[in-house]
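The values are calculated or read from the model by the stated rules, or taken from the named source; none is laboratory data. Since we're looking at a predicted model, the values are computed, not measured. Counting neighbours? That spans all protein chains shown, and the Cβs are built from the backbone with ideal geometry, glycine included. Remember, those area values only see protein heavy atoms, side chains included, never the ligands or the DNA or RNA. Shrake-Rupley method; radii C 1.70, N 1.55, O 1.52, S 1.80 Å.
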Amino acid sequence: LSNDLNIINKKITLIDLAEKKIFFEDNDYYSYEKLINTIPLDNFIKLVKDVPKSIKVAASKLNCTSLLLINVLSKGETSIPYHWLYVYDEELLSTRITQSHLLSKKNTKKGYSAIQVEVYESDYRKFKINHEKIKNKVCKELINMGIIDNVEKSHYQYINHANIIFDHSRKNNLNMIFK
């Protein structure tokens, strides 16, 4: 096998660290010399063979935010000249707004504005409405804040693991996992 193997579109079912093998849903497997993991640590631990229960418990206590990205296409220009801005208003769902059309002229067709809004949730603060309703509310927020006048198109994408939450138990849980 190549030293730089990239595995795409295969579902991992088991990782055997002792045998240095990764097993897949299609009954295929790969051997490795060095494993570089990009799977969130709590999910990685669930895949590893023969993990002690105490490690599984520590991994389950790691916290992160989840992210709902709302992408909005608006006809016309926006009212603000900034590439991004933060919204510090607990009454609003929007937290960070990025104007993609200002990052590159190739991001939208001429005469349109492209905006991406980040909305976060965590175990400490769960969404109270579904993703579609959040998308619609965020579009209204953009209009009410005076950033855009209209919404031509919008869609959303949910990202389960977004940002690490550095809570009081994180360090102890990581120490247990990595010892």
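Would you say L73 is closer than 25 Å to F127 by Cα and in contact with a Pro (Cβ under 9 Å, 6 or more places away or on another chain)?
Taking the combined requirement at face value, the residue does not satisfy it.
Filtering segment 42-62 for residues that are at pLDDT 95 or above, open to solvent by less than 30 Å² (accessible area, probe 1.4 Å) and polar (S, T, N, Q) leaves an empty set.
Applying the criterion of being polar (S, T, N, Q) and farther than 15 Å from I45 by Cα to the residues of segment 5-35, the residue that is least open to solvent (accessible area, probe 1.4 Å) is S31.
Before we move on, is L73 touching a strand residue (DSSP E or B) at 6+ places or on another chain (Cβ under 8 Å) and closer than 22 Å to Y158 by Cα? Lay out the reasoning, then the answer.
Values: touching a strand residue (DSSP E or B) at 6+ places or on another chain (Cβ under 8 Å): yes; closer than 22 Å to Y158 by Cα: yes.
Yes, satisfied.
Restricted to segment 140-171, and to residues there that are free of Cβ contacts under 8 Å to residues at least 12 places away in the same chain and not in a loop (DSSP other than H, G, I, E, B), the residue that is least open to solvent (accessible area, probe 1.4 Å) is I143.
Within segment 11-57, the set of residues being over 23 Å from N163 (Cβ atoms) and of a type in the set (S, T, N, Q) comprises T13, N27, S31, S54.
Of all residues in segment 109-125, how many are open to solvent by 30 Å² or more (accessible area, probe 1.4 Å), under 18 Å from L73 (Cβ atoms) and either in a loop (DSSP other than H, G, I, E, B) or among the hydrophobic types (A, V, I, L, M, F, W, C) (or both)? Adding up the residues that qualify gives 3.
Of all residues in segment 126-135, those being assigned to a helix (DSSP H, G or I) and free of Cβ contacts under 8 Å to residues at least 12 places away in the same chain number 1. Taken together, the residues in segment 35-92 that are among the aliphatic types (A, V, I, L, M) and more than 20 Å from E141 (Cα to Cα) amount to 13.
Based on what the data block shows, is E132 among the acidic types (D, E), exposed (fewer than 13 other Cβ atoms within 10 Å of the Cβ) and out of contact with any strand residue (DSSP E or B) (no Cβ under 8 Å at 6 or more places or on another chain)? In short, no.
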